[in-house]
Amino acid sequence: WLAQRLDRPLRIDILRRCRPTASQTRLDRAARRDNVEAAFESTIDLTGDGTVLLVDDVLTTGATMQSCAGALLSAGAGRVWGAVMAVAEFGAD
């Protein structure tokens with residue numbers, strides 16, 4: 001829906017997990033960052049592709065979004081913007 005509204009292509013194939021990671025649900029902020037650091041890579045060269053909008057369902061600490069954005073920037077994206085559908089209150093039970 002969002003890609004249609006923005007009149008932009010939807011690409012679900014440009015990121016992949018390149019190493020296994022533990023579930024983030026029981027990890028603290030620092031452990032979440034360490035868990036997903038360098039865990040993703042781009043499947044294509046993004047040089048010259050300008051801006052990428054990275055969409056995730058839930059943002060808790062931002063560790064996964066940051067790791068994914070880093071992979072896209074390393075692949076040549078000019079800028080990475082992030083959009084999330086919901087923000088979780090970290091540490092809430």
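The values are calculated or read from the model by the stated rules, or taken from the named source; none is laboratory data. This structure is a prediction, so every number in the text was calculated from the model and none was measured. Using ideal geometry, Cβ is built from the backbone for each residue, glycine included, and neighbour counts are taken over all protein chains shown. Quick note on the areas: whole protein, heavy atoms, side chains included, nothing else; ligands and nucleic acids left out. Shrake-Rupley method; radii C 1.70, N 1.55, O 1.52, S 1.80 Å.
Of the conditions (1) at pLDDT 95 or above; (2) under 28 Å from Phe90 (Cα atoms), Ala75 clears all except one; give me its number.
(2)
Taking Arg32 as the residue in question, decide whether it is over 23 Å from Leu2 (Cα atoms) and assigned to a loop (DSSP other than H, G, I, E, B).
no
Scanning for something polar (S, T, N, Q), without any contact (Cβ under 8 Å) to a residue 40 or more places away in the chain and open to solvent by 60 Å² or more (accessible area, probe 1.4 Å), does the range 27-41 turn up at least one residue?
no
Count, please, the residues in the range 56-79 that happen to be open to solvent by 40 Å² or more (accessible area, probe 1.4 Å), touching a residue at least 24 places away in the same chain (Cβ under 8 Å) and not in a loop (DSSP other than H, G, I, E, B).
So the count comes out to 8.
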